[in-house]
Amino acid sequence: MLRLKYSDLSSDPSVYDEIMQPVLHSGYLYKSGSVHRGTLSRKTRDDFQKFWCSVDQSLVFYESDRSADPCMQISVKDIVCLGVTRPDTSNNNNNGFIDRFRYTFELYLTSEKLYQFGLETADALHSWTKSIGKATTPLSCHCLLTREFERVGLLRYRAMLDPQQWKEAYFVLQKSNLFICPRNDGAAEDIINLNRLQELSQSSSTNTLF
């Protein structure tokens, strides 16, 4: 699927003034209002607004699938983290009225804003998060995003071989495995098995991106 923008049709309809990249995915999404990081709370369905969206170089929002002009867009360059939330399959108490979306994902932006999105099926969640993840990350991450993941984003880190030097890479979290992917092309360069983690410390240093 391509989104094409024509130049002035009265002059020459065969000329385009802009040709955008192929749309990776499109469909309806339910979006909450933005909050700042660290303030995300439990939201009901009434807190979400329905938009027709597409993702390529930006996540673009339209009032409906018939709208010609977008009402909002988020550049993929501004996304530093994508987090995915699925229902706890060990909890069988799923009967009765559900007042919120069981499938959600969050986008953390460089502006410190956070947006939460709601979906009604696992397939829709996977399609959207895979597409946004691929638009946001280099090729080194893409093969990992075809399977379910919990989080993908950009981090600064220090490796034991060069502990004085901060490096930047994309990280993909799949269950207990944390994959480190270089910003250039290639495959994941390292894997951390979190089940073998002996110590985890938290720092307020500005050297971390999220």
With θ taken as phi - 60° and the coefficients 6.51, -1.76 and 1.60, list the Karplus ³J(HN,Hα) couplings across segment 165-180 in order, rounded to whole Hz; mark glycine and proline as x. 10, 7, 10, 10, 7, 8, 10, 10, 9, 10, 6, 9, 10, 10, 8, 9
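Based on the Cβ-Cβ distance of L161 and T44, what FRET efficiency does E = 1/(1 + (r/R0)^6) give at R0 = 30 Å, to the nearest 0.05? Don't skip to the end; give the middle numbers.
On the way: r = 48 Å, r/R0 = 1.62.
Using R0 = 30 Å, I get an efficiency of 0.05.
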Over the Cα atoms of segment 42-171, what radius of gyration and what Dmax do you get, in Å? 16.8, 54
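Take the Cα radius of gyration of segment 119-173 and divide it by 2.2 N^0.38 Å, with N its residue count; two decimals is plenty. Please list the in-between numbers first.
Numbers: Rg = 13.9 Å, N = 55, 2.2 N^0.38 = 10.1 Å.
Compared with the compact-globule rule of thumb, segment 119-173 sits at 1.37.
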Rounded to the nearest 10 Å², the accessible area of E148 using a 1.4 Å probe with every protein chain kept is 110 Å²
Mind jotting down a quarter of the surface of the convex hull over the alpha carbons of segment 103-198, in square nanometres, one decimal? 7.3 nm²
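Of the peptides 190-200, 131-141, how do they stack up when ordered by the mean number of other Cβ atoms within 10 Å, highest first?
Averaged packing, sorted descending, gives the order 131-141, 190-200.
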If you rank D162, D123, D65 by how much accessible surface each has, with a 1.4 Å probe, what is the order from largest down? D123, D65, D162
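How high is the FRET efficiency from D69 to E150, r the C-beta distance, R0 45 Å, rounded to 0.05?
Working: r = 35 Å, r/R0 = 0.78.
The formula returns an efficiency of 0.80 here.
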Please give the contour-minus-distance gain from L200 to D78: 0.36 nm per residue of separation, less the Cα-Cα distance, rounded to one decimal in nm. 41.2 nm
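The values are calculated or read from the model by the stated rules, or taken from the named source; none is laboratory data. Quick caveat, the model's predicted, so the values are computed rather than measured. Positions of Cβ are backbone-derived with ideal geometry, glycine not excepted, and every protein chain shown enters the neighbour counts. Protein only, heavy atoms only, side chains kept; ligands, DNA and RNA dropped before computing areas. Shrake-Rupley method; radii C 1.70, N 1.55, O 1.52, S 1.80 Å.
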